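Beneath this line is the structure, given in structure tokens, with notes to follow.
The values are calculated or read from the model by the stated rules, or taken from the named source; none is laboratory data. Keep in mind the model is a prediction, meaning the values are calculated, not measured. As a convention, Cβ positions derive from the backbone with ideal geometry for all residues, glycine included, and neighbour counts pool all protein chains shown. Note: accessible area is taken over every heavy atom of the protein model, side chains too, but ligands, DNA and RNA are not part of it. Shrake-Rupley method; radii C 1.70, N 1.55, O 1.52, S 1.80 Å.
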Amino acid sequence: MNEKIKKNLSENIKIEVLECDFFQNSIKSESIDIILSSYGIKTIEPNEYSTFVEEIKRILNQNGEMMMV
């Protein structure tokens, strides 16, 4: 799914795919325009919810968006 989206969109915009452990990453603060999460959300443990949300807030830029598939 992610590869299909990347192929369709990459003709018009620059896309960099990052695959990493979301809870242990080196992504710079406020450096991400879009987060696309496919299938990963359901694997987060309830005790990780707040850390997950805080990390999203940290890495997304001011106008960033998150999409869940």
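A few notes on this one:
- Every residue from the stretch 25-54 that is at pLDDT below 90 and surrounded by fewer than 10 Cβ atoms within 10 Å (Cβ to Cβ): Lys42, Thr43
- Filter result for Lys6 (at pLDDT below 90, part of a helix (DSSP H, G or I) and open to solvent by less than 80 Å² (accessible area, probe 1.4 Å)): yes
- Scanning the stretch 55-69 for residues that are under 13 Å from Asn25 (Cβ atoms) and either open to solvent by 70 Å² or more (accessible area, probe 1.4 Å) or hydroxyl-bearing (Ser, Thr, Tyr) (or both) yields one hit, Arg58.
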